[in-house]
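Structure first, commentary second.
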There are 2 protein chains.
Amino acid sequence: MVQIEPGQCFITEGETADAFFNITAGSAKLYKLMADGRRQITGFAFRGHFLGLAVSSTYAFSAEAIEPVRLCRFARARLFRLLADFPALERRLLERAATELVAAQEQMLLLGRKTARERVASFLRAQALAAPCGRPRAMVALPMRRGDIADYLGLTIETVSRTLTRLRAEGIIEIPDQTHVLLRDPARLVRAAEG
Amino acid sequence: MVQIEPGQCFITEGETADAFFNITAGSAKLYKLMADGRRQITGFAFRGHFLGLAVSSTYAFSAEAIEPVRLCRFARARLFRLLADFPALERRLLERAATELVAAQEQMLLLGRKTARERVASFLRAQALAAPCGRPRAMVALPMRRGDIADYLGLTIETVSRTLTRLRAEGIIEIPDQTHVLLRDPARLVRAAEG
DNA sequence: CGGGCACATTGACCCAGATCAATGAAACGC
DNA sequence: GCGTTTCATTGATCTGGGTCAATGTGCCCG
């Protein structure tokens with residue numbers, strides 16, 4: 001059990017993948033960097049997320065805490081022993097991987113084909129649905145910075161900010177503070193997410 | 001064992017996911033559609049590829065043959081029996097899923113942050129590496145249409161065409177015919193893929 | 001309480017790539 | 001052999017979102 005403070009990196013792309021993690025609390029961002037500093041956030045991870053299931057010998061992405069993170073760390077060898085002892089775990093990991101693949105495909109559609117407005121609306125919708133608790137909530141927590149949202153949606157900070165402002169002007173959302181968005185008109189948000 | 005002709009769709013997004021496929025020959029494109037017809041190709045599938053491992057009850061994407069495809073079709077229940085009988089298969093699927101996740105993350109970086117030139121160069125590079133045979137080849141087969149490449153890279157047909165023309169003008173590639181590209185200067189191609 | 005810092009918002013302008021519009025160039029049926 | 005269809009290429013123009021540049025707005029710490 002390890003505690004990671006906000007801004008601290010606990011997986012680095014390209015390093016030897018000798019461990020496997022399970023987040024038990026907090027939130028983190030997963031990202032890939034290009035040589036010149038361009039960054040793509042490939043996902044956010046919350047409680048229950050498994051990380052570092054690398055097939056290759058090195059990690060394919062980096063991970064950094066957003067809010068304080070607590071995580072269980074397994075050495076790679078120990079993971080394989082666990083998999084051998086508990087077949088149900090392997091099934092569970094396979095299901096998780098399949099779920100993540102579906103999410104990744106949805107994100108490719110977003111990045112490749114959606115407008116800025118559709119991306120931001122889709123993101124807010126997804127955050128509302130994926131929230132730790134069960135059913136979609138009107139109040140969405142955004143623990144990440146605007147720059148993180150931008151790097152997740154393939155946009156710039158300015159475009160994210162302008163788009164949120166426009167959605168607010170249209171009465172679709174409210175922005176009580178920088179880390180929260182209230183979905184005032186979910187139906188129109190869904191329409192904005194499609195086109 | 002089923003035979004699918006080019007242009008024929010054998011998985012449809014949203015339909016009940018009652019089967020699981022393994023491609024034994026040919027090539028296919030996997031894609032998601034938006035209501036207004038915008039399309040994102042999330043990947044291409046060749047011999048050996050597993051398809052349709054849906055966690056949810058419906059397929060998350062459609063699949064259509066590019067070249068004639070031969071595939072093994074398993075009913076969902078039969079897959080679960082196979083998984084129970086052959087634990088090695090489950091491990092294999094988990095590895096495949098992890099590999100696909102890594103590829104999906106790389107594609108998110110491409111779609112979110114790379115320029116048109118970098119996307120096309122990255123694509124050619126990846127096709128050279130992923131070719132059915134082992135080591136990277138100079139002659140890359142592109143069985144898909146320009147429109148498929150465009151929808152895979154989040155570009156338009158025109159931009160793909162212009163970018164290929166420019167890479168050829170620079171002496172980085174040759175285009176002997178519409179379905180083949182010869183990598184004349186792999187080192188510069190790699191540089192073009194990064195920035 | 002007030003200066004400084006980190007982050008977000010807003011405005012003015014620009015450009016990579018989209019769109020619109022011909023023009024090639026294979027492949028096919030007749 | 002020769003229209004016809006389909007796909008790719010090329011050119012001209014337009015625009016959504018990027019870039020550059022201030023301007024807010026908390027929040028922390030002395």
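Temperature 10 °C, viscosity 1.306 mPa s: under these conditions the Stokes-Einstein estimate for region A:47-113, based on its Kirkwood radius over C-alpha pairs, is 112 µm² per second.
Please state, rounded to one decimal and in Å, the Kirkwood hydrodynamic radius that the protein assembly as shown gives when every pair of distinct Cα atoms enters the mean of 1/r.
Details: mean 1/r = 0.0450 Å⁻¹.
So the Kirkwood estimate lands at 22.2 Å.
Placing a pseudo-label 7 Å from each Cα along the Cα-to-Cβ vector at B:Glu170 and A:Thr16 gives an inter-label distance of 3.7 nm.
Count charges around A:Gln105 for me, please; just the other residues with Cβ under 14 Å from its Cβ, Lys/Arg as +1, Asp/Glu as -1. Show your work: numbers first, answer last.
Numbers: positive: A:Arg113, A:Lys114, B:Lys29, B:Lys32, B:Arg39; negative: A:Glu100, A:Glu106, B:Glu13, B:Glu100, B:Glu106, B:Asp151.
Summing Lys and Arg as +1 and Asp and Glu as -1 gives -1.
Please compute the length gained on full extension between A:Glu5 and A:Ala141, using 0.36 nm multiplied by the number of residues separating them and subtracting their Cα-Cα distance. Let's see the in-between values first.
On the way: separation 136, 0.36 × 136 = 48.96 nm, distance 1.89 nm.
Between A:Glu5 and A:Ala141, full extension yields an extra 47.1 nm.
Residues within the reach of a label modelled at B:Phe74 (point 7 angstrom out along Cα to beta-carbon, backbone nitrogen below 17 Å), restricted to region B:7-26, are B:17-25.
A cut-off of 5 Å between modelled amide H atoms, ignoring neighbours fewer than 5 places along the same chain, links A:Ile173 with A:Arg168, A:Arg184. Taking amide H as placed 1.01 Å from N in the peptide plane, the amide H of B:His180 sits under 5 Å from that of B:Leu142, each at least 5 places away or on another chain.
Global size of chain A: 17.6, 56 Å for Rg and Dmax (C-alpha atoms, Rg to one decimal, Dmax whole).
What is the sum of charges around A:Gly37, taking Lys and Arg as +1, Asp and Glu as -1, for the other residues whose C-beta is under 14 Å from the C-beta of A:Gly37? Could the numbers behind the result be given before it?
Values: positive: A:Lys32, A:Arg38, A:Arg39, B:Arg113, B:Lys114; negative: A:Glu13, A:Asp36, A:Asp151, B:Glu194.
Spelling it out: positives minus negatives among the neighbours equals +1.
Scanning residues 5 or more positions from A:Arg47 or on other chains, those with amide H under 5 Å from its amide H are A:Gly26, with H placed 1.01 Å from N in the peptide plane.
Placing dummy labels 7 Å off each Cα toward the beta-carbon, the span from A:Thr99 to B:Leu129 is 2.9 nm. Take the Cα of A:Ser56, step 7 Å toward its Cβ, do the same at B:Thr115, and the gap between the two points is 2.4 nm. Select from A:Ser122, A:Ser161, A:Ser57 the residue whose mean-square fluctuation is largest in a Gaussian network model of chain A (Cα-Cα springs shorter than 10 Å). Judging by the Gaussian network model, the answer is A:Ser57. From helices alone, the protein assembly as shown scores -13500 deg cm²/dmol at 222 nm; the rule is -39500 (n - 2.57) for each run of n ≥ 4 DSSP H residues, then divide by the residue total.
Whole-percent P(r), region B:1-117, all Cα pairs, 10 Å bins from 0: 13, 41, 36, 9, 1.
Taking other C-beta atoms within 10 Å as the exposure proxy, A:Met1, B:Met108 rank A:Met1, B:Met108 from fewest upward. With an a/c value under 1.5 for the gyration tensor axes a ≥ b ≥ c computed over the alpha-carbon atoms, region A:103-195 is described as rounded.
What does the charge count near A:Val120 come to, summing +1 for each Lys or Arg and -1 for each Asp or Glu among other residues with Cβ under 14 Å from its Cβ? Spell out each step's value before the answer.
Numbers: positive: A:Lys114, A:Arg117, A:Arg119, A:Arg125, A:Arg146, A:Arg162, A:Arg166, A:Arg168, A:Arg188, A:Arg191; negative: A:Glu118, A:Asp148, A:Asp151, A:Glu158, A:Glu170, A:Glu194.
Local net charge: +4.
No value in this document is a laboratory result; all are computed from the given coordinates. As the structure is a computational prediction, the values presented were derived from the model and not from experiment. Cβ: placed from backbone, ideal geometry, glycine included. Neighbour counts: every protein chain shown.
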